[in-house]
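Heads up, the thing below is written out as structure tokens.
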There are 2 protein chains.
Amino acid sequence: MALNFITGNKDKLAEVQSILGDVAGLDIDLAEIQSLDAHEIIQAKLEEAQKHHAGEFIVEDTSLYLTATNGLPGPLIKWFMKSIGNDGLYKMAEAFGNFEAEGKTIIGYSNSANNIQFFEGSIKGTIVPPRGEGFGWDPIFQPEGYTKTFGELTAEEKNAISMRKVAVEKLKEHLKDSV
Amino acid sequence: MALNFITGNKDKLAEVQSILGDVAGLDIDLAEIQSLDAHEIIQAKLEEAQKHHAGEFIVEDTSLYLTATNGLPGPLIKWFMKSIGNDGLYKMAEAFGNFEAEGKTIIGYSNSANNIQFFEGSIKGTIVPPRGEGFGWDPIFQPEGYTKTFGELTAEEKNAISMRKVAVEKLKEHLKDSV
């Protein structure tokens with residue numbers, strides 16, 4: 001049975017396909033519930049998907065968690081980007097006097113019996129004034145051990161330490177074991 | 001037909017009953033979707049309620065909107081309170097150098113034909129270092145023309161300028177007109 005990755009993002013789909021192989025993109029619009037815990041948001045989406053489709057599903061959430069603000073923005077990152085952007089996020093970290101952050105991907109996997117399991121990848125880093133290009137908060141996140149931000153690293157460099165890759169590799173291991 | 005106020009908050013229910021009269025509290029747990037627009041959140045809740053129950057419903061959202069951050073936290077206020085609290089919200093306004101804010105109640109009303117209309121009440125004010133008691137962000141919100149925060153005003157003083165009251169009064173007018 002095909003594994004369906006619920007996403008409208010072609011880049012994420014390609015990244016997941018490059019690791020897992022046979023994965024179909026399922027571009028359905030499922031509401032994201034409010035929570036600071038990505039597991040809850042993912043679970044609600046998977047349960048919604050289960051109601052309408054049969055099969056196996058994955059949903060992923062990649063968010064930025066600031067130590068200064070007890071995790072905020074976390075899975076609410078989209079709304080921070082829309083309202084205050086990277087400059088504003090940097091200003092927040094500065095105001096709280098703590099630049100420690102974590103980029104974290106959580107993947108929820110729902111098997112054909114509708115059981116849900118989670119797989120996680122994360123990378124520690126520092127919030128810095130925006131440098132470079134890239135997607136979303138890439139320009140303000142400088143991973144530990146690097147002098148460049150995600151926005152300044154090449155796609156290859158970034159993918160090599162990607163928290164999404166780590167999470168997908170864990171899912172891959174799980175799928176191999178359960179065959 | 002009875003009007004159902006979807007809330008688990010007895011104080012809010014009592015406030016609405018004191019204005020509208022015959023309103024039943026309906027304490028069902030409906031997910032709040034992520035959005036910076038309270039209308040969208042309310043609409044999703046009302047549509048969910050319509051699926052499971054017949055009747056007329058109201059859902060309300062009372063949130064704090066900061067000018068400095070283009071409205072943030074807005075309807076995401078709950079998660080800001082949980083993670084950084086009033087001290088953190090003040091620190092944010094300070095970091096952005098703008099203390100202008102608005103307390104806003106939006107009420108969504110779904111009639112027996114499932115048509116949805118919105119009613120709004122708002123009050124402008126200033127974000128200040130926490131003073132007084134009260135609920136949620138009361139201690140950091142000083143309404144325009146006052147030297148006390150919502151947390152320092154008596155319940156009577158606060159209710160007299162309540163944005164929730166204004167929104168409910170508008171709904172009351174509407175219900176009267178549509179009889």
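The values are calculated or read from the model by the stated rules, or taken from the named source; none is laboratory data. None of these values were measured; they are calculated from a predicted model. All Cβ positions, glycine included, derive from the backbone under ideal geometry; neighbour counts span all protein chains shown. Just so you know, the surface numbers come from the protein's heavy atoms only, side chains and all, with ligands and any DNA or RNA stripped out. Shrake-Rupley method; radii C 1.70, N 1.55, O 1.52, S 1.80 Å.
Quick notes on this structure:
- Nearest beta carbon of chain A to the A-to-B rotation axis, with distance in whole angstrom: A:Ala95, 2.
- For the stretch B:1-73, alpha-carbon Rg over 2.2 N^0.38 Å: 1.21
- In the context of the full set of protein chains, the protein assembly as shown has a per residue accessible area of 47 Å² (1.4 Å probe).
- Around the amide H of A:Glu56, modelled in the peptide plane, lie the amide H atoms of A:Asn4, all under 5 Å away and 5 or more residues distant in sequence or on another chain.
- Here the convex hull built on the C-alpha positions of chain A has a volume of 111 cubic angstrom per residue.
- Separation between Cα centres of the stretch B:15-65 and the stretch A:2-49, rounded to whole Å: 28 Å
- Other copies of A:Ala54: label-to-label distances in nm, shortest first, labels 7 Å along the beta-carbon direction: 3.4
- Number of partner chain Cβ atoms within 10 Å, mean per residue of A:94-106: 1
- Under the Debye formula (equal points on every Cα, no solvent term), log10 I(q)/I(0) of the protein assembly as shown at q = 0.07, 0.12, 0.15 Å⁻¹: -0.36, -0.97, -1.26
- Distance between modelled label sites at A:Phe135 and B:Asn115, nm, 7 Å Cα→Cβ extension: 4.3 nm
- Using a probe radius of 1.4 angstrom, the carbon and sulfur fraction of the accessible surface of the protein assembly as shown is 47%.
- Here the extension length gained between B:Ser122 and B:Glu173 equals 16.6 nm, from 0.36 nm per residue of separation less the Cα-Cα distance.
- Using a 7 Å Cα-to-Cβ projection, B:Lys82 label spacings across copies, nm, ascending: 1.9
- Cα-Cα over 29 Å, subset of A:Lys82/B:Lys51; A:Lys176/B:Lys45; A:Lys82/B:Lys10; B:Lys51/B:Lys176; A:Lys78/B:Lys10; A:Lys45/B:Lys78: A:Lys82/B:Lys51; A:Lys176/B:Lys45; A:Lys82/B:Lys10; A:Lys78/B:Lys10
- Buried between B and A is an accessible area of approximately 2000 Å², summed over both sides with a 1.4 Å probe.
- In Hz, Karplus ³J(HN,Hα) per residue of the stretch A:150-160 (6.51, -1.76, 1.60; θ = phi - 60°; x = Gly, Pro): 3, x, 9, 5, 6, 4, 5, 4, 5, 4, 5
- Along the axis of the charge dipole computed for the stretch B:1-148 (Cβ charges of +1 for Lys and Arg, -1 for Asp and Glu, origin at the Cα centre), the listed residues B:Leu26, B:Leu72, B:Ile106 are led at the positive end by B:Leu72.
- Stretch gain in nm, segment B:Asn159-B:Gln17, where the contour uses 0.36 nm per residue and the Cα spacing is subtracted: 49.7 nm
- Per-residue ellipticity at 222 nm, computed for chain B from helices alone with -39500 (n - 2.57) per DSSP H run of at least four residues, works out to -11000 deg cm²/dmol.
- Ordering of B:163-170, B:26-33, A:153-160, A:56-63 by packing is A:56-63, B:163-170, B:26-33, A:153-160, highest average first (other Cβ atoms within 10 Å, averaged per residue).
- The GluC sites (Glu not before Pro) of the stretch B:103-155 that DSSP puts in a loop, and whose beta carbon has at most 12 other beta carbons within 10 Å, are B:Glu133, B:Glu144.
- For B:30-39, mean number of other protein chain Cβ atoms within 10 Å: 4
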